[in-house]
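Engineer: Pasting a structure here, questions to come.
Only the coordinates and a few stated rules stand behind these numbers; no lab work does. Note that this is a predicted model, so its numbers are computed, not measured. Positions of Cβ are backbone-derived with ideal geometry, glycine not excepted, and every protein chain shown enters the neighbour counts.
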Amino acid sequence: MTDLSQAPQAPAETAIIGGTGLTELEGLAVVDERVFDTPWGAPSGPVITGDFRGHRVLFLARHGHPHTIPPHQVNYRANLWALREAGAARVIGVNAVGGITPAMGPARIAVPHQVIDYTWGRGHTYYEQVGEAVLEGVTHIDFTFPYDESLRQALLEAASRRQVIAVDYGVYGATQGPRLESAAEVARLERDGCDLVGMTGMPEAALAAELGLPYACLALSVNWAAGKSDHIITMEEIASALAEGMAGVKAVLEEVIPA
Ligand code: HPA
């Protein structure tokens, strides 16, 4: 039977799911690496337990290390399940995104407060029959506020202590990928109220909510979304914004882990 209320076995930890540009956390002394086999299949890789400047942290590379798993093939269910099994008490998802609204330009960090899910065909819930899992009923979790507010505030305070500019809002539009969007799709996302567009924010946030894990997203804009600049999106542009913005992301993580 799938028991979502099962208590974690290890002490509570902060878990980081690293996205594009963050397959490793520098300064993390690896204490342990555990390969989990979950009822939902294999996670993207081993869960690393590390010591980060004297603080315990769990780390999982969302796309594997090296980066090989595309956004639509990430086993989000197994990832969150494994992190909970490893003792995660809160989860920070680091996500590269495209910026749609004016504050969200390349290399800008944001801590989104809302999400719209445009993904499809992903394993997006624990409340379904998979293999041996037996469900006792249908459960509809509340998702009014998809991100944990105290974790969001902790991220924003960490950013401010490190003098990293971080936008304190953002509606994250989660698209299917792996291709980038058309200009018309981005225009629609903007009409829907999205500030940012990315491919990995969902179902991760919803699965964390199903497991009762406080979850927040630390988003790094790596390009203007399609049609929002005078040029098409290039991998060079993304790599340069990643290189510029990742130092700020790492500073925020360093500061928030002990908090
Ligand atoms: N669209 C979707 N996902 C992304 C983008 C984008 O423009 N940039 C980085 N991840």
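Engineer: Can you put 20, 200 in order, fewest other beta carbons within 10 Å first?
Structural biologist: Ranked by crowding around the Cβ, least crowded first: 20, 200.
Engineer: List 65, 140 from most exposed to least, where exposure is judged by having the fewest other Cβ atoms within 10 Å.
Structural biologist: Sorted ascending by nearby Cβ count, the order is 140, 65.
Engineer: A follow-up question, please. Given the rule -39500 (n - 2.57) for each run of at least 4 DSSP H residues, summed and divided by the residues of the chain, what is its mean residue ellipticity at 222 nm, to the nearest 500 deg cm²/dmol? Before the final figure, lay out the partial values.
Structural biologist: Values: 5 runs with 62 residues, N = 259.
That calculation yields -7500 deg cm²/dmol at 222 nm.
Engineer: Let me ask something else about it. Using the 2.2 N^0.38 Å rule of thumb for compact globular proteins, work out how the range 172-254 stacks up: its C-alpha Rg over that value, please. It would help to have the intermediate numbers written out before the result.
Structural biologist: Working: Rg = 14.2 Å, N = 83, 2.2 N^0.38 = 11.8 Å.
For the range 172-254, the normalised Cα radius of gyration is 1.21.
Engineer: Apply the Karplus parameterisation 6.51 cos²θ - 1.76 cosθ + 1.60, with θ equal to phi minus 60°, to every residue of the range 172-178 and state each ³J(HN,Hα) to the nearest whole Hz, in sequence, with x for glycine and proline.
Structural biologist: Listing the rounded values in order: 8, x, 9, 9, 6, x, x Hz.
Engineer: So, one more: Viscosity 1.567 mPa s, temperature 4 °C: Stokes-Einstein D of the range 215-255 from its Kirkwood Cα radius, in µm² per second? Write out the running numbers ahead of the final one.
Structural biologist: Working: Rh = 11.5 Å.
It diffuses with D of about 113 µm²/s by this estimate.
Engineer: Gain in length, residue 247 to residue 143, computed as 0.36 nm per residue apart minus the alpha-carbon separation, to one decimal in nm? Spell out each step's value before the answer.
Structural biologist: On the way: separation 104, 0.36 × 104 = 37.44 nm, distance 3.14 nm.
Gain on extension, residue 247 to residue 143, equals 34.3 nm.
Engineer: May I ask you to evaluate 6.51 cos²θ - 1.76 cosθ + 1.60, the Karplus curve with θ = phi - 60°, for each residue of the range 159-164 and list the ³J(HN,Hα) values in order in whole Hz, giving x for glycine and proline?
Structural biologist: 4, 5, 4, 9, 6, 9
Engineer: Could you grab the relative contact order for the chain? Cα pairs under 8 Å, six or more apart, rounded to a whole percent.
Structural biologist: Numbers: 585 pairs, mean separation 66.4, N = 259.
In percent, rounded to a whole number, it is 26.
Engineer: Then there is this: Please report the base-10 log of the normalised intensity I(q)/I(0) for the range 61-150, using a Debye sum with one equal scatterer per alpha carbon and no solvent, at each q in 0.15, 0.17 (1/Å).
Structural biologist: -0.83, -1.07
Engineer: Pop the C-beta distance of residue 162 and residue 235 into the FRET formula with R0 = 25 Å and round what comes out to the nearest 0.05. Kindly include the intermediate steps, with their values, before the conclusion.
Structural biologist: Working: r = 29 Å, r/R0 = 1.14.
It comes out at approximately 0.30.
Engineer: Would you mind ranking 222, 30, 115 so that the residue whose beta carbon has the fewest other beta carbons within 10 Å leads the list?
Structural biologist: In order of increasing Cβ crowding within 10 Å: 30, 115, 222.
Engineer: Per residue, what volume in Å³ does the convex hull of the Cα atoms of the chain enclose?
Structural biologist: Dividing the Cα hull volume of the chain by its residue count gives 119 Å³.
Engineer: Still on this structure, I have one more. Using modelled amide H (1.01 Å from N, peptide plane; none on Pro or chain starts), what sits under 5 Å from the amide H of residue 91, excluding residues fewer than 5 places away?
Structural biologist: 15, 215, 216
Engineer: Of the chain, which part is the longest with no GluC sites (Glu not before Pro) in a loop (DSSP not H, G, I, E, B) and with at most 14 other C-beta atoms within 10 angstrom?
Structural biologist: No qualifying site falls inside 137-259, the longest such stretch.
Engineer: Under a crude label model (7 Å from the Cα following the beta-carbon direction), how far is residue 35 from residue 125 in nanometres?
Structural biologist: With each label point 7 Å from Cα toward Cβ, the separation is 3.3 nm.
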